[in-house]
Structures are given as structure tokens and as C-alpha cells.
1. Given Cβ point charges of +1 (Lys, Arg) and -1 (Asp, Glu) and nothing else, what value in debye, to the nearest 20, does the dipole of the chain about its Cα centre take?
2. Show me the ranking of peptides 327-336, 206-215 by mean Cβ neighbours inside 10 Å, starting with the highest.
3. I'd like the per residue volume of the convex hull spanned by the Cα atoms of region 197-265, given in cubic angstrom.
4. Among 233-245, 304-316, what's the highest-first ranking by average C-beta atoms within 10 angstrom per residue?
5. From Cα pairs below 8 angstrom and at least 6 apart in sequence, can you work out the relative contact order of the chain, rounded to a whole percent?
6. Placing +1 on the Cβ of each Lys and Arg and -1 on the Cβ of each Asp and Glu in the chain, which of PRO417, VAL349, THR215 has its Cα farthest towards the positive end of the resulting dipole?
7. Contour minus end-to-end for ILE220 and ALA239, with contour as 0.36 nm per residue of separation and end-to-end as the Cα-Cα distance?
8. If packing is taken as the average number of other Cβ atoms within 10 Å across a peptide's residues, how do 385-393, 21-29 rank, most packed first?
Amino acid sequence: MHQSAWQGELTKVGVVTTLGLAAGWTIDQPLYGLLAGLIVAQIISIRTMDALFRWSYRQGPAPQDSGLIGYSVDKLIRREKHLKSKLAQQAKQLRRYNQGIESLHDGVVIIDKEGYITNFNGAAAQLLSLRKEDMGQHIKNLIRTPTFIKYFDKGKYKDSLQFDTNHVKQLSLQVQITQFGIDQKVMLIRDVTERKRVETMRQNFIADVSHELRTPLTVINGYLEMLTDMELPGSLNKAVGQMNSQGQRMKSLVNDLIQLSKLESAHSERSGEDINLLSLGHSVVDQLQEYGEADIVYQCDDEIHITGFSDELSSVLSNLITNAVKYGDGSDVHFAIARQDNGAVKVSVRDGGQGIPPEHIARLTERFYRVDDSRESTVGGSGLGLAIVKHALEHHDTVLDIESVLGKGSTFSFVIPKERVIG
């Protein structure tokens, strides 16, 4: 078609110049006739280009031309129709996209890479008390909760954040930020007020019941200990011994429930204290050295100071070492604290026991989860130790890592981030 446009253009010029030349021959002035024909052809081209210019600004109809300009106009009209069709499809998709966002019960806020709001749905407006004029505002200007600002500035959004807000009424919100495209982020906001209320009721119930059980258990265990010191018939002596053992186990369970409840309700923004890990490790090892037959081999090269909560870390180390002694089948327990090349600190407890089947590892930190009930009845324990460890480590910005090989033992470790290391 491009070739035919050139042919049409040349034909148009040729016809005009030929007519001019013919007119010039009739008056014996062919050169003037040819020149006049070329001038007329140029004028026609200029008029056609003027019509094209006016049409491009929608000030006139499209020029009718069989040459290059006509060909160009035809191509432009086709492209315009194609673009209009694509724009209509995109507008339709955008409307469906906005309708989909608006239909969500969860809030959706779209922000650019700098954190400025580009769009939000009605649920987000209700949960965060946003208005239309808030479009273009920085998200931290509208959500000023310190925990959210710290979470947003950190830039690592693998985990969600839960915080309380009081814009219009007291709400508990859960926020999850994910990358969207190249330079945008999507912030999903969910109202978890009811879920938090139920969870708080559960925690309070467990804490209240545990506290209420403490007093009668203390009385029962006191009388049982008194009976064990008395001369009793053989059958009664055995029964009293079993009751005393189960009473102590129940006391341990109640204490663990109370501790777990405290950990779950502890405020995440508490200010920590300076902890000397070398001294803390020695203190825990001294307390547990006589716990079982296994030897505890402790290694910490130098004094390491971190910011944290000594009672919680002491509970973590105590639970991990106690488990290693109980399930290590008499093997040495290796307890180590060491600095990492990146400035973090790794704490590990390793035993040489039977190991843990792989299918159980992911669930070990669940409350009351047991790998082998028959074995648990012989080694004792409340089944809450690793759940306590999990929650205590969350308060230190770390998680428990478990490695185990059947027949070769297990290693429980966690890494304290360098942000908490102060010396």
C-alpha cells in the first residue's frame, strides 16, 4: 500500500504538470506551462497539508487525497480506532478492578515507592478514617502509631503487623504490605478487633484459672509431701508417691500456663534491659547441672551484651537445655553462644538423642503437642516449654530453628539480630 501511495502521489503531480505543459504548448510557451503546472501541484499539496494540520487539531474534516497524505490519514484513523478500542477495554478493566477492590471487606491502600497514597477503597477509608483529600498524602502522616511507623520504615514486610488505633473508635488492625508492580505497594488492612477480644478473653481465662488452681494445688502438694515422710503401708506409700509426682507435674503445668499467658499478653514495645549473655548462660547451667545425668557443656568465648528481657531469655535457655537433657538419652548437652560474622549472636543447644521425625518438627512449638505420648509419660513435662520459647523469642525479634537427624540428635538454635547486640 505504501508503494501505491507513492504511485498516486506521482500520478497526481504528473497529471497537473502535464496539463500545464499542454496549456503552455497551445500558446507556444511550454516552459512557462510546465512551471505553472508545478506551481499548481505545489499549491494543491500545501492545501492538502493545511487540511491535514486542521484535521489533526479537529478543526476540519480529514483531507481527501490519493497520495502520501491520504495514505497517512488512513493509517492514523486506523490507529486511532485501535487505540480507542484498547483504551475502552482498559477503562472497563479498571472499572472492574475498582469494583473488585470496593467489594472487599478488608481495606486496600495503594501507595507508591515513597509511601504516598495513590488509591484506597471504602473499607480502608472506614478503618483508617481516610477522606478523598487524603489522596497523595504520605501514609505515615495518616497512621502515626509508632509500631506501624517502625514496621513501615523497616521495609521488610514478610510478616503482618497488628496494632491498635483510635481514630473514631478503638480498633485492632492487622496490616500486611506487599510489592505491587515495580514502584507500588499494596497495603491490606483487616479489622481483628473481635478476634483480639476473644483471644484476650482466652488468655485471661487461662491466667485466672491457673492462678485459682495454684492455692488448692499448694495445699494438696503440702499434705502429700507430709504423707510421704510418714510411715505408711506399702500400698498406700506407692499411691501417695504417685499422687505426689502427679501433683508436682500439675503444679509445673499451672506455672507454665501462667508464664505463657504473661508472654502472650506482654507489650511488644517494652524497653529492654542490658543482658550479659555469658553470665546468664552460666546462671542457667548452674541451676540445671544437677537436673539429670547428662553433662552440660557450655561454651561462650567472651562477654556479649544485648538488649532484651533476662527473665524471658532465662526461661528460653532453661526450657531448651531441660528438653535436651530429657530427650538426649544421657548424652552430653552442648550449649553454645557465639558471635556471627554479620554482628548477630547465635545461641544453640545440641543433644545426641534419638532425634525427631521430620513430620513433627513444624508443630513442636504448638501448645501441648507431643511427638510420642508414651515417652512423654515417662519423661514428664507440661508440653508448653517450646510454646513458651516461641513467644519469648518473638519479643527478641527472632525465631526458633530446629534441626534434627534420626539417631543422631537435635539442635535447637536462634539468632539474636545485630540490632539488639550492644557489646
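1. Taking the Cα centre of the chain as origin, the dipole is about 3020 debye.
2. Result, highest mean Cβ count within 10 Å first: 327-336, 206-215.
3. 66
4. 304-316, 233-245
5. Relative CO of the chain lands at 9 percent.
6. Looking along the dipole axis, the top candidate is PRO417.
7. Contour length minus Cα-Cα distance gives 5.4 nm.
8. By packing density, highest mean first, the sequence is 385-393, 21-29.
Rule-based calculations on the coordinates, nothing more; no lab input. Model, not experiment: these values are computed from the prediction. Note that each Cβ is placed from the backbone with ideal geometry, even for glycine, and that neighbours are counted across all protein chains shown.
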